[in-house]
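For reference, the structure discussed in these notes is given below.
The values are calculated or read from the model by the stated rules, or taken from the named source; none is laboratory data. Computed from a prediction, not measured in an experiment: that's the story for all the values here. Virtual Cβ from ideal backbone geometry, glycine too; neighbours counted across all protein chains shown. To get the accessible areas, we keep the full protein, side chains included, count just its heavy atoms, and leave off ligands, DNA and RNA. Shrake-Rupley method; radii C 1.70, N 1.55, O 1.52, S 1.80 Å.
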Amino acid sequence: MRLRSTPPSDIKPDEITPKSLYLDRRRFIESAAAAIVIGRTEKNSFSTTDDITERKAATTYNNFYEFGSDKEDPSQLAHTLKTDPWTVVIDGLVAKPLTLSVEDLVKPEILEERIYRLRCVEGWSMVIPWLGFPLKDILARVEPTGNARFVSFTTLLDPEHMPGQRRSVLEWPYREGLRLDEAMHPLTLLAVGMYGDVLPNQDGAPIRLVVPWKYGFKSIKSIVRISLVETQPPISWNLSAPTEYGFYSNVNPEVDHPRWSQATERRIGHFLRRKTQVFNGYAEEVSGLYTGMDLRVNF
Ligand SMILES: Nc1nc2c(c(=O)[nH]1)N[C@H]1C(S)=C(S)[C@@H](COP(=O)(O)O)O[C@H]1N2
Ligand SMILES: [Mo]
């Protein structure tokens, strides 16, 4: 496997077109996906056996406010997002800060497929086969220092190519956060692909977070910075409506949103509504993270 994080010497970096980088990235993801399909006979204990949502739905019914607030906006407008070149900075309270090109991360040998439920705070859900790797693997590489307690994530700020950022619907750039133990949980994924292919722009190319037991807005898209910090970081939805969106935002059928119930949800592609599960069905894995916390107060 030849991975080209630095260009061959006969080509100057500025002669490499974004297209060729994109095709490289795509080729590596496809080989990862092929390897995964071969290995799929072994059940991945992290994946749900729920029916997978149609790819068409997962790529045309999106929330990505940088491209508008209608569900169809991102698939129609996100082609303007420039994902090549792209770097992710991992810094803050760490011994070894790191700047990675996404090419460093699109390695078939580190990618796994994880079929996760995604539950949007608005009341719909999907089941998506992601290609990615646990966030904890990257955090281990940077070696968080003893005072690091939270992780702060930031999306690209680029109003020229992200038309939604020209309006102040949210505080830009989009920001999210996790407590360090949530970030280190083996279910917490950084995804670079879905459905055996690179992430489409509207789903958060080239790299996004997936936290399956939390409402969808925690799964921040198109990440440029991951910072280890000491205190709970500000997050965009909480800044815009603090009584509606808390820092934790764990899926909880018993804690309603102030304007609607969270007891049931509509699985995209299914007719009947279904009961929402506590921690989106991942209680066995994650409830221990919240022992002793009042989840009505820490919503
Ligand atoms: N940068 C950014 N990330 C984001 C959002 C956003 O508006 N901007 N929307 C969030 C919300 S509300 C949801 S439900 C999920 C949707 O992910 P999907 O479109 O891939 O299903 O992305 C989340 N990540
Ligand atoms: Mo959402």
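Exactly one residue among Thr60, Thr87, Thr53, Thr83 is out of contact with any Pro (no Cβ under 7 Å at 6 or more places or on another chain) and more than 28 Å from His270 (Cβ to Cβ), and that residue is Thr87. For region 140-172, taking the residues that are touching a Pro at 6+ places or on another chain (Cβ under 7 Å) and open to solvent by 60 Å² or more (accessible area, probe 1.4 Å), the one that is nearest to Ala95 (Cα to Cα) is identified as Leu157. At least 2 residues being within 16 Å of ligand 1 (Cβ to nearest atom) is the threshold, and among the helices (runs of 4 or more DSSP H) wholly inside region 73-167 those reaching it are 73-77.
Pairing residues of region 207-221 that are free of Cβ contacts under 8 Å to residues at least 40 places away in the same chain with residues that are more than 10 Å from ligand 2 (Cβ to nearest atom), at Cβ distances under 6 Å and at least 6 apart in sequence or on separate chains, gives Arg208/Ala191; Arg208/Lys221; Val211/Thr188. When Glu176, Glu182 are checked against the criterion of being under 14 Å from the mean Cα position of the chain (by Cα), within 13 Å of ligand 1 (Cβ to nearest atom) and at pLDDT 95 or above, a single residue qualifies: Glu176.
Results for (1) open to solvent by 40 Å² or more (accessible area, probe 1.4 Å); (2) under 18 Å from Phe133 (Cβ atoms), shown as yes or no for each residue.
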residue	(1), (2)
Thr60	yes, no
Glu66	no, no
Ser69	yes, no
His79	yes, no
Lys82	yes, no
Val106	no, yes
Arg119	no, no
